[in-house]
2 protein chains.
Amino acid sequence: MEPRAAIAQALADSVRALIVGHVAPDGDCLGAGLALGAALRRLGKTAVVACADGVPASLRFLPGAGAVATAVADDEAFDVAVTLECATLPRAGALAGAVRRARLVAAIDHHPDHVPYADLTDVDPRAPAVGAMVADLIRRLGVSLDRAMALNLLTAVVTDTGAFRYANATPGALRLAADLMAYGASVHEVVRAVYEEQPVQAVRLLGTALTGVALHHNGRVATAVLTPAALAATGASWEDTSGIAAALRGIAGVRLAMVFEEREDRIRVSLRSRDGARADRVARALGGGGHPEAAGAEPAGGLEEVVALALDLAAAEVGVVDDEQPAPV
Amino acid sequence: MEPRAAIAQALADSVRALIVGHVAPDGDCLGAGLALGAALRRLGKTAVVACADGVPASLRFLPGAGAVATAVADDEAFDVAVTLECATLPRAGALAGAVRRARLVAAIDHHPDHVPYADLTDVDPRAPAVGAMVADLIRRLGVSLDRAMALNLLTAVVTDTGAFRYANATPGALRLAADLMAYGASVHEVVRAVYEEQPVQAVRLLGTALTGVALHHNGRVATAVLTPAALAATGASWEDTSGIAAALRGIAGVRLAMVFEEREDRIRVSLRSRDGARADRVARALGGGGHPEAAGAEPAGGLEEVVALALDLAAAEVGVVDDEQPAPV
């Protein structure tokens with residue numbers, strides 16, 4: 001039996017299911033998990049949706065988000081544990097133990113570097129979102145969608161495709177979104193809730209980063225430094241820095257954007273790239289890792305040292321050769 | 001005969017067609033116009049695509065953009081002139097005369113307030129973009145799409161729906177985008193070309209505006225002032241201000257965002273609203289106009305005077321009553 005059919009069968013046969021998203025959860029694992037949990041409850045099952053890190057503020061609008069657990073008791077027994085978007089079991093964080101204790105573990109993922117750890121593994125690297133895979137799973141379970149499930153699945157697709165801005169915004173992703181809108185959810189509603197309710201201090205911090213952006217290596221590399229002083233001046237916290245590196249990547253000619261956060265005890269580097277430049281290669285050389293176009297690192301050293309090292313690595317990555325003149329900034 | 005069928009018939013019978021977009025053209029009228037022009041040429045017609053203001057830099061990637069005319073000679077005769085997204089004929093700008101001189105004028109538009117001026121009028125306010133209407137027209141002409149036409153039509157749909165972020169991102173818009181991707185164009189490619197090639201000075205100016213954002217009326221109104229000094233400091237020009245008001249509207253709780261540009265001889269106000277607040281009402285009270293959620297004005301008076309007046313008007317619009325306490329900023 002192909003894995004998705006086997007997972008559908010195992011869930012249909014189960015009484016109690018645990019559904020686990022990854023640490024630092026996103027709209028995909030949470031939306032997919034909440035939709036799957038609701039579908040299983042519709043079938044009369046007990047379904048616990050859990051995420052070790054809880055639900056971030058921008059995703060609390062998801063139907064059922066209030067019931068997402070951050071832990072399960074040691075003596076809670078589950079017939080099936082389903083992990084969502086966990087390329088390795090440690091991505092389940094503190095819930096990895098609870099997953100291991102289930103009678104059967106099923107993994108649903110779309111990361112190409114998934115390292116199998118489950119009894120049933122359904123990995124489709126071409127799926128735009130795990131939510132698209134779960135939409136198909138719910139169909140196989142014979143459960144018809146309602147508005148709440150559709151909104152959860154739509155959020156999975158919208159967030160994992162960057163609101164259809166990324167290369168994984170396939171025709172299939174667009175058609176699935178169109179189908180889900182038939183249940184009363186809308187892309188506009190998801191975009192509004194996820195992207196257009198920014199805390200004002202995060203907007204001010206983004207402003208500080210954009211104002212202070214520096215270009216290097218013939219304009220192919222953009223950098224910004226976020227200092228504790230900038231945080232204090234804007235009222236922002238380190239939670240408010242997401243999206244800044246991606247905004248810098250949107251500058252004409254930029255292939256690699258790096259944001260340096262001068263945190264209390266370390267420098268945190270967020271990297272975004274495009275046009276063949278590999279954020280993950282630079283991140284790995286800095287002791288971190290990630291995806292080809294989105295990566296991060298927390299190298300040892302002071303700010304100036306880390307910036308200088310990262311810029312050296314970036315020069316090789318964006319293909320600047322020695323005899324090129326630096327661009328005027 | 002319904003209007004679109006009649007327009008298809010008139011174009012099929014024509015030898016020379018003029019296709020005209022509106023002043024300050026956007027991706028919808030240009031993308032739709034370029035696709036329609038290519039389709040007519042495929043049928044052996046002569047088709048001139050024209051736009052009085054030419055093609056803005058962010059849309060020069062559109063296939064055929066280099067051949068867009070900004071004027072036609074007084075003695076050029078056309079069998080049919082098709083206006084795209086021109087709610088009134090003056091929206092064709094300096095090309096209105098050339099349109100009037102055509103033997104037959106056809107208007108294709110999706111503005112609900114279209115004022116009929118053409119021999120054949122095809123207005124569909126539910127169409128997400130005129131590009132969607134033109135895609136159907138091209139199908140009726142019996143022309144199959146190619147990658148260039150699909151990229152033009154996809155750009156029309158992507159830009160007029162704010163990359164699917166606006167409420168007009170209907171299931172039909174998503175499905176049309178999916179269909180167009182079958183010809184080798186992609187949403188990612190359009191988004192990249194239109195939104196992610198920002199001049200660095202525009203990004204710095206946006207940063208200045210975001211850093212200096214002020215909240216008023218219990219956080220329901222966000223404002224930013226762009227001064228000549230900010231322009232000088234960032235190297236930006238007044239061409240670089242688009243998108244700033246929309247960014248301010250994305251702050252949590254904000255219903256109306258206003259950006260004040262302190263230009264040489266006047267104050268220019270850009271307004272964006274949501275949640276029932278009407279940007280156009282405030283703009284009209286300032287002597288301008290626009291759409292319910294996107295409007296502008298250039299009222300007489302100095303900066304302080306205009307800001308004070310606009311904030312008074314905004315208070316009424318966002319429903320702040322006297323006994324509410326101002327939000328801490």
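Hey, among the residues in the range A:141-168 that are among the hydroxyl-bearing types (Ser, Thr, Tyr) and out of contact with any Asp or Glu (no Cβ under 9 Å at 6 or more places or on another chain), which one's nearest to the other protein chains (Cβ to nearest Cβ)?
A:Thr161
If a residue must be crowded, with 17+ Cβ neighbours inside 10 Å and under 26 Å from A:Pro90 (Cβ atoms), how many such residues does the range A:33-53 contain?
Within the range A:33-53, residues that are crowded, with 17+ Cβ neighbours inside 10 Å and under 26 Å from A:Pro90 (Cβ atoms) number 12.
Go through the range A:24-67 residue by residue and tally those that are β-branched (Val, Ile, Thr) and under 12 Å from A:Leu84 (Cα atoms). Please lay out each step first, then the result.
In the first step, residues of the range A:24-67 are kept if they are β-branched (Val, Ile, Thr); the result is A:46, A:48-49, A:55.
Filter again for under 12 Å from A:Leu84 (Cα atoms), leaving A:49.
The qualifying residues number 1.
Taking B:Asp109 as the residue in question, decide whether it is modelled with pLDDT of 95 or more, assigned by TED's automatic domain parsing to the domain that holds B:Tyr166 and either crowded, with 20+ Cβ neighbours inside 10 Å or under 14 Å from B:Ala24 (Cβ atoms) (or both).
For B:Asp109, the condition - modelled with pLDDT of 95 or more, assigned by TED's automatic domain parsing to the domain that holds B:Tyr166 and either crowded, with 20+ Cβ neighbours inside 10 Å or under 14 Å from B:Ala24 (Cβ atoms) (or both) - is met.
Any idea which of B:Val190, B:Val203 is in a helix (DSSP H, G or I), under 24 Å from A:Gly253 (Cβ atoms) and more than 8 Å from chain A (Cβ to nearest Cβ)?
Details: B:Val203 fails: more than 8 Å from chain A (Cβ to nearest Cβ).
Residue meeting the stated conditions: B:Val190.
So, B:Asn152, is that one in contact (Cβ under 8 Å) with a residue 60 or more places away in the chain and either in contact with a Pro (Cβ under 6 Å, 6 or more places away or on another chain) or within 26 Å of A:Gly253 (Cβ to Cβ) (or both) or not?
Answer is yes for this residue.
Among the numbered criteria (1) without any contact (Cβ under 8 Å) to a residue 60 or more places away in the chain; (2) more than 18 Å from A:Arg175 (Cα to Cα); (3) β-branched (Val, Ile, Thr), which single criterion is violated by B:Val187?
(2)
For A:Glu196, all conditions in the list (1) facing chain B (nearest Cβ under 8 Å); (2) under 18 Å from A:Ala315 (Cα atoms) hold save one; what is the number of the exception?
Exception for A:Glu196: condition (2).
I'd like the residue in the range A:162-206 that is over 19 Å from the mean Cα position of the chain (by Cα) and of a type in the set (S, T, N, Q) and, out of all such residues, is nearest to A:Thr227 (Cα to Cα).
Once the filter is applied, the top-ranked residue is A:Gln201.
Does the range A:119-130 contain any residue that is more than 7 Å from chain B (Cβ to nearest Cβ), in contact with a strand residue (DSSP E or B) (Cβ under 8 Å, 6 or more places away or on another chain) and within 28 Å of A:Ile244 (Cα to Cα)?
Yes, some residue in the range A:119-130 is more than 7 Å from chain B (Cβ to nearest Cβ), in contact with a strand residue (DSSP E or B) (Cβ under 8 Å, 6 or more places away or on another chain) and within 28 Å of A:Ile244 (Cα to Cα).
Take residues that are of a type in the set (Gly, Ala, Ser) and tell me which of the strands (runs of 3 or more DSSP E) falling wholly in the range B:237-300 contain 2 or more.
By residue number, B:267-273, B:289-291, B:294-297.
What do you reckon, is B:Ala185 more than 27 Å from A:Val221 (Cα to Cα) and buried (at least 18 other Cβ atoms within 10 Å of the Cβ)? Walk me through it before giving the result.
Numbers: more than 27 Å from A:Val221 (Cα to Cα): yes; buried (at least 18 other Cβ atoms within 10 Å of the Cβ): yes.
Here the answer is yes, as B:Ala185 does meet what is asked.
Look through the range B:207-239, keep the residues that are at the interface with chain A (Cβ under 10 Å from one of its Cβ atoms), over 28 Å from B:Val320 (Cα atoms) and of a type in the set (A, V, I, L, M), and return whichever of them is surrounded by the most Cβ atoms within 10 Å (Cβ to Cβ).
Here the residue is B:Ala230.
The values are calculated or read from the model by the stated rules, or taken from the named source; none is laboratory data. Computed from a prediction, not measured in an experiment: that's the story for all the values here. Counting neighbours? That spans all protein chains shown, and the Cβs are built from the backbone with ideal geometry, glycine included.
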